[in-house]
Structures are given as structure tokens and as C-alpha cells.
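Down below is the structure, laid out as C-alpha cells.
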Amino acid sequence: MVTQALSKPKLLVLIGPTAVGKTKLSLSLAAEYGAEIISGDSMQVYRGMDVGTAKATLEEREAIPHHLIDIHEPDHPFSVAEFQERSRSLITEIHDRGHLPFLVGGTGLYVESLCYDFHFSEHGSDEAFREEMRQYAELHGNEALLERLREVDPEMGDRLHANDQRRIIRALEVYHLSGQRLSEQLKVQKKQSPYELCIVGLTMDRALLYKRIEERIDLMVEQGLVEEVRRLKEMGYGLQHIAMQGLGYKEILGYLDGALTLEEAIVQLKQDTRRFAKRQLSWFRHMKDIEWVDVTDLGNFSAHLDQIHAIIADKLKIERQYH
């Protein structure tokens, strides 16, 4: 059982770039601490998008409770605000069950906004501006749209991926409506956390990480990524839906639409994913309170676990249940 501090609930967090090994470590840690996992991934919320989002298997999810996975159809515009609201409620419910809430994921804005209880300024919206930006992206491409953001907010431009059209447009809209950079707003948000936090970050040699990314994508193709995207396309989901602009889906749609060969789509996906991992690491470097663990030595899994156990004992003052 987790004994909760009177002032703040405990929250264990595991972050790191894609393919660094978060899932394997999180399952071991959750089993040892009696934790329930909250997904901090903006894509795993979507049903039918399993291979491309590298969800934990059904067996793994039966062994360890997982939350915020398979909660929406791919046409739902999942937002950071919804993520915050749902996660806050889950943290309370998990604590009430005597378990440890365990946030695991790589979507930096989602993780940081929950850990530090971000409150985003209400600047309203300008639907005409949004539509103008969507049309600009359709005409010139997402990379050109991202370049527009870099011109007014270079830091946010470097932290977002070109495929993340909705957040790029929102950042442009915030500047358009207020004259303020979204990156500056985020900086002033970093206040005291409402939780007793332990944030563990996984890192590894960059060349090894890129090799693991490429191997993971090859495995995804073997496991049926193309068939998954084809099924979604046949159900009527396309690039007009935010979910389908995610890594793996946009590139394979290009193949299914005849714009790319399968080989070209896979090469593009590997390149896009390497860039995404670089942006994830850039985002995490701006965060505070992270205890970094280098997991480059893949054969030393137990040593990595021991290092994390020591961090948890120091930060949260709790011990493993099973050891």
C-alpha cells in the first residue's frame, strides 16, 4: 500500500524518447510498487491504432492496470486540457485504492502540464485564422507551416514536430491573438507541483537509440502497420483527422494514396521518428526535477532497475512491495 503524504499525493513519472525502453521498465516497476500506469502518450488514446503507437499488449495491460488507452475513436481531437482533467481524476482514484499513480509517456507537453498543473491563458479562438493556417499547410506542406511558427516563436518551433499540425496552429493562433509567444507562457507556468514528484528520465547513446528506432519500425511493418493504416483508411479516417497525422500513419497513408512507394514511406517514417526523438529530448531538457538514467548498456537491465529503485526511495520515501 502507498502511504500518501498529507499535503501532496505521490506521483511517479517515467519519461524518455521513443524506443528507449519505457514500456519494459514501466511494467517491472509497476509490478514491484503496486502501481497503476497512466499513459502520457497523445496517440495511445485512440482505438484501432495499436501497432503504430506501440501500445502495451493486452496481456501486459491485464497484468498491470493501464489508463488513458483506447478511450477515443480516431476522429476525436484529444487535447492537453482533456488529458489534464482525466489524469488528475485518475491520480485521486488510484491513491484512494491505495496504489501508486505512475505516469509513463513521451508527449512532453502533456507530461509537463500535469506535473506542474499548467493553466493556459484563455485567448479565445479565431476559427477563420485556423482555417487559413490549415489551407496554408495543405498548399505548402506542414514543414512550411512549422517554419512560420519558427519565425514568431523559434523555441516552440523547435519543440514541435511538423506533423503536429493542430498544436502548431494553436501556437500561431496564441501569437496572432495575444502577441505573446506560447513558449514564454509555458516558462512562467513552471511553479510548484501539486504532487510529490519523482520524475525518472531514460536516455541512451544517440546512435543506439536511432538503431532501435529503425528496428522498431521494421518490426511494426512486420506486425501489420500497413494493414492497420489501410483498415483505418477504409473506415473513413484520413489526414483531416489529427490522429492520422501521427508518426507511422501519415507516412503509410502516403503509400496507400500512391504518393510514395512502401520503401520510401518506411525511409520517411524512420527519418521522421528520429527527428521526433530529438525533439522529445529537447523538450525534456527544458523540464526540471528529472533524475536521468542512462540505459545504453542493454544487458544491464537489473542495474538500471536498481538505480531507479534508489531514486524512488530517495524522492518518494517508499519501498518495493515485492523484492
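The values are calculated or read from the model by the stated rules, or taken from the named source; none is laboratory data. Since this is a predicted model, take the numbers as computed values, not measurements. Cβ: placed from backbone, ideal geometry, glycine included. Neighbour counts: every protein chain shown.
Data for the structure
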| read-out | value |
| --- | --- |
| Index of the failed condition, Val188 passing every other in (1) within 30 Å of Pro9 (Cβ to Cβ); (2) in contact (Cβ under 8 Å) with a residue 24 or more places away in the chain | (2) |
| Meets criteria (touching a Leu at 6+ places or on another chain (Cβ under 6 Å) and under 18 Å from Trp292 (Cβ atoms)) for Val51 | no |
| Criterion (modelled with pLDDT under 95, in contact with a Leu (Cβ under 8 Å, 6 or more places away or on another chain) and either surrounded by 15 or more Cβ atoms within 10 Å (Cβ to Cβ) or polar (S, T, N, Q) (or both)) met by exactly one of Val13, Val2 | Val2 |
| Residue check for Ala63: more than 26 Å from Ala171 (Cβ to Cβ) and within 13 Å of the chain's Cα centre (by Cα) | no |
| Near pairs, Cβ below 7 angstrom, 6+ apart or cross-chain, from region 31-49 (on the phi > 0 side of the Ramachandran plot and assigned by TED's automatic domain parsing to the domain that holds Gly201) to any residue that is surrounded by 20 or more Cβ atoms within 10 Å (Cβ to Cβ) and in a helix (DSSP H, G or I) | Gly48/Leu232 |
| Number of the condition not met by Ile242 [criteria: (1) out of contact with any His (no Cβ under 9 Å at 6 or more places or on another chain); (2) closer than 22 Å to Asp75 by Cβ] | (1) |
| Leading residue by the ranking (nearest to the chain's Cα centre (by Cα)) among those in region 293-323 that are loosely packed, with under 11 Cβ neighbours inside 10 Å and assigned to a loop (DSSP other than H, G, I, E, B) | Gly299 |
| Single residue of Tyr110, Tyr195 found to be out of contact with any Asp or Glu (no Cβ under 6 Å at 6 or more places or on another chain), of a type in the set (Phe, Trp, Tyr) and within 17 Å of Arg279 (Cα to Cα) | Tyr110 |
| Top-ranked residue of region 82-132 - restricted to ones that are aliphatic (A, V, I, L, M) and out of contact with any Lys or Arg (no Cβ under 8 Å at 6 or more places or on another chain), ranked as surrounded by the fewest Cβ atoms within 10 Å (Cβ to Cβ) | Ala128 |
| Boolean, Glu196 is in contact with a Pro (Cβ under 8 Å, 6 or more places away or on another chain) and either closer than 28 Å to His241 by Cα or charged (D, E, K, R) (or both) | yes |
| Criterion (surrounded by fewer than 19 Cβ atoms within 10 Å (Cβ to Cβ), under 18 Å from the mean Cα position of the chain (by Cα), closer than 22 Å to Arg285 by Cβ and not aromatic (Phe, Trp, Tyr)) met by exactly one of Asp164, Asp158 | Asp158 |
| Only listed residue being assigned by TED's automatic domain parsing to the domain that holds Val200, in contact with a Phe, Trp or Tyr (Cβ under 7 Å, 6 or more places away or on another chain), farther than 15 Å from Gly201 by Cα and not polar (S, T, N, Q), chosen from Leu256, Leu239, Leu262, Leu269 | Leu262 |
| All positions within region 47-93 that are polar (S, T, N, Q), under 16 Å from Gly106 (Cα atoms) and not in a loop (DSSP other than H, G, I, E, B) | Gln84, Ser87 |
| Residue list for region 25-46, restricted to those being part of a strand (DSSP E or B), small (Gly, Ala, Ser) and in contact with a Phe, Trp or Tyr (Cβ under 7 Å, 6 or more places away or on another chain) | Ala35 |
| Single residue of region 266-323 satisfying the filter (free of Cβ contacts under 8 Å to residues at least 60 places away in the same chain and among the small types (Gly, Ala, Ser)) that is nearest to Val51 (Cα to Cα) | Gly299 |
